[in-house]
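Working notes for the structure below.
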Amino acid sequence: MRQSIKLNSHNKINNWLSMNTSITYYRRDCDNLPQMGYGQASVMYSLWCMAPNINMDWARDYWIEPDVQQNANLTGAKNNPYFVAYECLNTLDRDRVFGNTSLDLHLYKGLDLMLRGGIDFSRDHRSMRQPKSSYSQRYGMYREGNVSSLQLSMDFLLKYSRKLGAGFNMKLNFGGSILNRMFRETTLTAEQLKQPGVYSLANSVERVKPNIYDYELQTNSLYGLIQFSWRDAVFLDITGRNDWSSTLPVNNNSYFYPSVSASVLLNELIDFGAARNTVNLVKLRGRFAQVGHDTKPYRTTDYLSSSDFAGNYQIPGTMNNANLKPEIVSSWEVGLDLRMFRNRLGIDLAYYDNTSKDLIVNMPVSSASGVTKRFANAGTIRNYGWELQVTGTLIKTKDVQWKAYINWSKNRNKVVDLGEGVDSWIVASYSSHAYMTAYKGGSLSAMYGLGYKRAPEGAYIVEKDGSITNVSGQIIVDENGYPQYSDELQYIGECTPDWKGGFGTSVKWKGLTLSIAFDGQHGGNVYSYTNSVLGTRGKGSFTLAGRYNGLVLDGVNQLPDGNFIRNTHKTADIVEYYGLAYAFQNCEQNFVSTEFLKLREIRIEYEFPRRLLAKSKFIKGLSLSVYGRDLYCWSKFPGWDPEGAFMRGASVVPGFEMLQMPGTATFGGSVKISF
């Protein structure tokens with residue numbers, strides 16, 4: 001359950017001083033956050049082992065002896081799914097408060113000062129329990145954790161504006177900020193339980209095992225802006241910012257990054273004549289900018305970590321680096337903003353190109369050094385693409401407005417350089433069978449893995465009529481009718497979609513508004529363990545093919561002399577065939593499309609008339625809304641959600657899907673009141 005409340009206030013104290021305050025409280029209570037992916041604590045892991053013809057009600061009575069022994073007779077040495085759902089619980093209680101207060105001071109004509117302070121505090125209480133007889137914790141387990149995060153910020157901004165004459169205006173801004181964040185996570189674990197069904201740290205067989213992780217970081221910044229404009233038609237902005245980060249070495253913790261942007265409103269400079277009522281805005285813009293990034297705390301000095309043996313310490317497997325430099329992202333962008341037909345049609349088109357260098361990455365090193373990885377600045381990555389948005393007002397009357405929009409984007413990335421002595425970089429992986437690997441000149445989202453053995457380039461067969469058919473790239477099938485596999489990793493495909501897009505519409509009648517939104521992507525792939533399970537276990541509808549009469553695969557047979565003929569062998573055992581074809585080692589077969597279209601949201605909102613609210617004398621605005629999100633998905637993806645991600649700890653692993661949970665729709669409502 002989630003609840004939130006937000007309060008905003010604006011107070012004009014006098015002609016030169018005003019105060020603004022915003023505060024939000026957020027509460028979340030979860031009686032169980034199910035674990036996802038491959039593992040005994042996952043419901044999906046239990047379900048894939050059950051035969052499709054088993055009535056799930058047979059497993060509902062999941063205790064043989066309550067709190068002592070589960071009934072796992074139907075799941076093949078896996079936890080009973082009901083046992084996982086109702087007994088292996090992961091709870092979360094979260095409170096979060098965030099907001100800020102600002103003072104705006106009018107110091108002199110054209111000179112203003114803003115002072116602001118902010119806070120973002122959150123507290124989580126988490127628990128995890130595993131009953132006795134759980135396959136991952138035979139003797140039971142209980143864990144409690146408290147996570148607290150406090151972020152304090154202070155900033156100021158001095159603003160000066162002046163008209164210079166001849167249509168020229170100037171604005172000067174100078175500001176600074178201090179951002180401090182403190183984080184602490186304390187976990188206490190009872191690794192074995194004395195009394196069955198009692199989930200308490202006091203019920204631990206041995207001493208409770210503690211684990212504490214905390215950090216503090218601070219970033220200080222100074223920044224400035226100079227803006228020139230002419231006739232409100234030509235604009236030039238020049239900015240500069242310098243950050244000092246506590247997470248970088250002292251000799252590299254200061255980094256400066258500038259930006260320059262310019263825009264021209266052609267409709268203000270050119271007389272379009274009779275077309276000026278048709279063309280309302282023609283804006284050309286361009287921008288160059290740099291942005292600096294630091295790293296996580298405590299990566300610049302090597303530390304010893306505690307050992308399970310009292311009074312002993314161990315060397316971490318990753319070496320830190322006292323010479324780390326900040327990452328720098330350089331980008332440029334050009335765009336066109338066009339408004340026509342009294343602003344009822346809008347077109348916004350942009351092209352961007354970003355280059356990231358000195359990436360802070362965890363690079364593999366020789367184990368002879370005593371460690372296996374080392375933090376270093378390495379690599380240069382380029383991202384570039386197009387973005388397009390079209391908006392339109394189809395009907396506009398006093399009581400009715402009908403609006404619609406379309407957006408589209410296309411992004412590509414390229415590995416420009418990996419750094420000295422680095423041939424490749426494994427971005428993400430699953431076991432030893434599938435790797436998202438970056439090579440110089442390639443992309444960050446290229447998948448490599450084991451796949452089918454295919455006829456080499458130039459291979460051919462002689463047909464019965466004497467004609468020659470090129471069979472280059474066709475799958476080689478053995479005498480049992482099974483496909484053969486390559487022993488070497490090969491390029492499988494790209495995970496990045498060809499493009500993403502969305503469209504939607506809204507209709508407003510007086511105070512009532514109905515809106516609907518769709519979005520999706522064309523192309524894109526992931527390695528899917530769910531697809532492997534559906535195939536090897538005969539649970540996917542695609543395994544119906546050949547179930548009773550076998551299959552003759554489309555491919556070729558290789559003769560002892562190295563020549564090829566068209567495959568004529570029927571699969572010797574259809575069960576064995578699907579077990580081989582969809583085995584999790586076969587990255588090629590389990591590399592599936594994530595193309596989709598989603599009904600993202602339907603929303604109904606009613607805004608009360610102001611004349612009705614005027615009677616209350618203190619409520620200026622009131623609106624009520626109800627909505628539903630992620631309501632339906634059209635996709636050939638074999639799992640539940642093509643947008644689903646694979647989590648490893650608290651990190652998202654791109655390009656992989658591991659026995660994900662079914663997607664959920666969200667329904668809610670909101671009340672907005674302004675005073």
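The values are calculated or read from the model by the stated rules, or taken from the named source; none is laboratory data. In this text, all values refer to a predicted model and were calculated from it rather than measured experimentally. Backbone-built Cβ (ideal geometry, glycine too); neighbour counts: all protein chains shown. Each accessible area value is taken on the protein alone, full model and side chains, heavy atoms only, with ligands, DNA and RNA left out. Shrake-Rupley method; radii C 1.70, N 1.55, O 1.52, S 1.80 Å.
Among residues other than Gly224 whose Cβ falls under 14 Å from its Cβ, what is the net charge (Lys/Arg +1, Asp/Glu -1)? Don't skip to the answer; put the middle values down first.
Numbers: positive: Lys159, Lys171, Arg241; negative: Asp155, Asp237, Asp243.
So the surrounding residues net to 0.
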### Task
Between Leu172 and Ser623, with labels modelled 7 Å along Cα→Cβ, what's the label distance in nm to one decimal, could you check?
4.0 nm
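If you stretched the chain out fully between Val279 and Ile23, how much longer would it get, using 0.36 nm times the residue separation minus the C-alpha to C-alpha distance?
Working: separation 256, 0.36 × 256 = 92.16 nm, distance 4.22 nm.
Gain on extension, Val279 to Ile23, equals 87.9 nm.
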### Query
Summing -39500 (n - 2.57) over the DSSP H runs of n ≥ 4 in the chain and dividing by its residue number, what mean residue ellipticity at 222 nm do you reach, to the nearest 500 deg cm²/dmol?
-1000 deg cm²/dmol
### Task
Round to a whole angstrom and tell me the spacing of the C-alpha centers of region 284-304 and region 438-461.
35 Å
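Order of 131-142, 605-616, 533-544 by packing, highest average Cβ count within 10 Å first? Working shown, then result.
Details: 131-142: 20.1, 605-616: 12.2, 533-544: 17.0.
Top of the packing list down: 131-142, 533-544, 605-616.
What is the percent carbon and sulfur in the accessible area of region 69-202, measuring with a 1.4 Å probe over the protein chains and ignoring ligands?
That share works out to 55 percent.
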#### Entry: Rel. contact order, % - alpha carbon contacts under 8 angstrom, at least six apart, the chain
7 percent
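How large, in percent, is the carbon and sulfur part of the accessible surface of region 205-364 at a probe radius of 1.4 Å? Intermediate results must be reported in sequence, preceding the final value.
Details: 5260 of 9430 Å².
Accessible surface attributable to carbon and sulfur in region 205-364 totals 56 percent.
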### Task
Could you state how much accessible area Glu65 has, in square angstrom rounded to the nearest 10, with a 1.4 Å probe and all protein chains kept in place?
100 Å²
### Query
If r is the Cβ-Cβ distance from Gln3 to Lys396 and R0 is 51 Å, what FRET efficiency results, to the nearest 0.05?
0.85
#### Entry: HN-Hα J in Hz across region 327-335 - Karplus 6.51, -1.76, 1.60, θ = phi - 60°, x for Gly and Pro
6, 10, 10, 9, 9, 9, 8, 10, x
### Message
I'd like to know which of Gly535, Ser431, Ile5 lies farthest towards the positive end of the charge dipole of the chain, counting +1 on Cβ of Lys and Arg and -1 on Cβ of Asp and Glu.
### Response
Ile5
### Query
To one decimal place, what Kirkwood hydrodynamic radius in Å is obtained for region 557-675 from all pairs of distinct Cα atoms?
20.2 Å
### Task
Measure off 7 Å from each Cα along the Cα-to-Cβ vector at Asn242 and Trp230, then give the distance between these two points in nanometres to one decimal.
3.2 nm
#### Entry: Solvent-accessible area per residue, Å², over the chain with all protein chains present [probe radius 1.4 Å]
57 Å²
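Could you give the length gained on full extension between Leu113 and Asp573, defined as 0.36 nm per residue of separation minus the Cα-Cα distance, in nm? Don't skip to the answer; put the middle values down first.
Details: separation 460, 0.36 × 460 = 165.60 nm, distance 7.91 nm.
In short, 157.7 nm is gained.
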### Cα convex hull of region 543-590 - mean projected area over all directions, nm²
4.1 nm²
### Pairwise FRET efficiency - Ser674 versus Glu333, Cβ, R0 = 35 Å, nearest 0.05
0.45
### Query
Between Lys296 and Glu268, what is the spin-label point distance in nm, taking each point 7 Å from the Cα along the Cα→C-beta axis?
4.7 nm
### Listed peptides 325-332, 111-118, 398-405 by packing density, highest first (mean Cβ within 10 Å)
325-332, 111-118, 398-405
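Relative contact order of region 41-171: what whole-number percent is it, with Cα pairs under 8 angstrom and at least 6 residues apart?
Values: 236 pairs, mean separation 26.7, N = 131.
Worked out over region 41-171, it gives 20 percent.
Counting other Cβ atoms within 10 Å, which GluC sites (Glu not before Pro) in region 470-499 have at most 11 and lie in a DSSP loop? Please list the in-between numbers first.
On the way: sites: Glu479, Glu488, Glu494; in loops: Glu479, Glu488.
Loop-located and lightly packed - Glu479, Glu488.
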### Summary
Contour minus Cα-Cα span, Asn53 to Trp634, at 0.36 nm per residue, comes to 206.5 nm
### Share antiparallel - DSSP beta bridges, region 309-457, percent rounded to 5
95 percent
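Please give the charge dipole size of the chain, origin at the Cα centre, charges +1 on K and R Cβ atoms and -1 on D and E Cβ atoms. Round to the nearest 20 debye. All intermediate terms of the calculation are to be shown ahead of the outcome.
Details: 72 positive and 62 negative charges, 709 e Å.
Dipole size: approximately 3400 debye.
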